[in-house]
Amino acid sequence: MVLGKLALIAGGGAVPVEVARYLKATGRPYCVLRLKGFAEAELDEHPGHDVGLGDFGLIFGLLAQEACQCICMVGYVRRPDFDTMERDAGGAAHLPAIQAAGRGGDDSLLRQVAHMFEAKGYAIEGAHEANPQLLVGHGLQAGPEPSAKAYDDMVEAIRIANVIGALDIGQAVVVANKITLAVEAQDGTDLMLARISGLSSALKGSLADRKGVLAKVAKPIQDLRLDMPTIGVSTVAAVAQAGLCGIVGQVGKLLVVDKVATYAAADRLGVFIYGFDDSDSPPR
């Protein structure tokens, strides 16, 4: 299949960098639209342009100039103050719809922005489509083989994560001995993991006696082209510090940033990383 030229609209973080590297390495035509104040410096080395969050007129002009057919929006972007945000004429025209969508949360906001591009005839690709190497593989990826108890915790953690995801609460949950220890809300995964340190030692694991798993699962309402659960070296370190024994995500629905370093950290710290599929059966 021949893929059209891709415009990578890049926010902050490592994922846009890894997508750009992959596009360059595989020879796919692309350009990077680097969001000012967010995009990593390394992206300056790739063909592209600097744009502001509110420069939709400029962005659409550049997309036409570059003859792009596809768009990938990825990377961290801090929600702007729409009342004071700088914008060009195109941004001003689209701002009311974007503001209205923003009242429904980040998922709604991203869907509205994607709809704007789709209405102009552009295809939206997820980071996992632009760079399939980011996806977690099936089964054990790094670290020690999970025990039967850890496997039971994985199954329960994924079940609970699906429940809170359906309620649009968060993507992550920690389960130990089939007891839910923490769920992610607006605080994010790192702060959720930090909360575990305050729990009773009867519930949580320790550095010497690890137990429990972190599950990161996409919400049912999420468009995976726009937002997908992600882990990296810092996630592995936080899981180890919390006394947990592993991380689980669903195959095809979890991104791993810098796999080599992340998997090496998991091996070093004794934390397993597991790609779960509904067809999996527990270890005997």
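The values are calculated or read from the model by the stated rules, or taken from the named source; none is laboratory data. Source: prediction; values computed, not measured. Side chains included, ligands, DNA and RNA excluded: accessible areas come from the protein's heavy atoms. Shrake-Rupley method; radii C 1.70, N 1.55, O 1.52, S 1.80 Å.
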Over 30 Å between Cα atoms: which of Lys120/Lys216; Lys219/Lys259; Lys24/Lys211 fall into that group?
Lys120/Lys216; Lys24/Lys211
Let me check the size of segment 188-284 from its C-alpha atoms; what are the radius of gyration and Dmax in Å?
13.8, 40
So what J values fall out for segment 133-147 if you push phi through Karplus, 6.51 cos²θ - 1.76 cosθ + 1.60 with θ = phi - 60°, rounded to Hz, Gly and Pro as x?
5, 6, 6, 5, x, 8, x, 5, 9, 6, x, x, 5, x, 6
For segment 183-193, take each phi angle, set θ = phi - 60°, evaluate the Karplus expression 6.51 cos²θ - 1.76 cosθ + 1.60, and give the result in whole Hz per residue in order, putting x for glycine and proline.
10, 7, 10, 7, 6, x, 5, 4, 5, 4, 5
Answer label, with Rg and Dmax of the Cα atoms in Å calculated from the coordinates and candidates (i) 19.3, 59; (ii) 24.7, 77; (iii) 20.0, 63:
(iii)
Which residues qualify? For Val175, with a placed amide H closer than 5 Å and at least 5 residues away or on another chain, they are Leu181, Val213, Ala215
Would you mind checking which residues have amide H under 5 Å from Leu33's amide H? H placed 1.01 Å from N; only 5 or more apart, or other chain.
Leu8, Ile9, Ala10, His49
In whole Hz, the Karplus estimates of ³J(HN,Hα) for segment 173-178 (6.51, -1.76, 1.60; θ = phi - 60°; x where Gly or Pro) are 8, 10, 10, 9, 6, 6
Only bridges with both residues in segment 140-284 count here: give the DSSP antiparallel percent, nearest 5.
50 percent
How would Glu184, Glu18, Glu45 line up by accessible area, probe 1.4 Å, largest first?
Glu45, Glu18, Glu184
Highest-fluctuation residue, Val32, Val163, Val271 considered, GNM on the chain with Cα pairs under 10 Å
Val163
Accessible surface, per residue, of segment 207-257 when the full set of protein chains is kept, probe 1.4 Å, Å²
32 Å²
Antiparallel bridge percentage (DSSP; both residues within the chain; nearest 5)
30 percent
Could you tell me the relative contact order of the chain? Use alpha-carbon pairs under 8 Å, at least six residues apart, and round to a whole percent.
18 percent
Per-residue accessible area for Tyr151 at 1.4 Å probe radius, Å² rounded to 10?
10 Å²
What residue among Pro146, Pro229, Pro47 has the largest mean-square fluctuation in a Gaussian network model of the chain, using Cα springs under 10 Å?
Pro47
Non-local amide H neighbours of Phe272 (under 5 Å, H modeled in plane, Pro and chain starts lacking H): which ones?
Gly246, Ile247
How do Arg21, Arg28, Arg268 stack up against each other in accessible area, from largest to smallest, with a 1.4 angstrom probe?
Arg268, Arg21, Arg28
The rounded separation in angstrom of the Cα centers of segment 162-183 and segment 217-270 is 15 Å
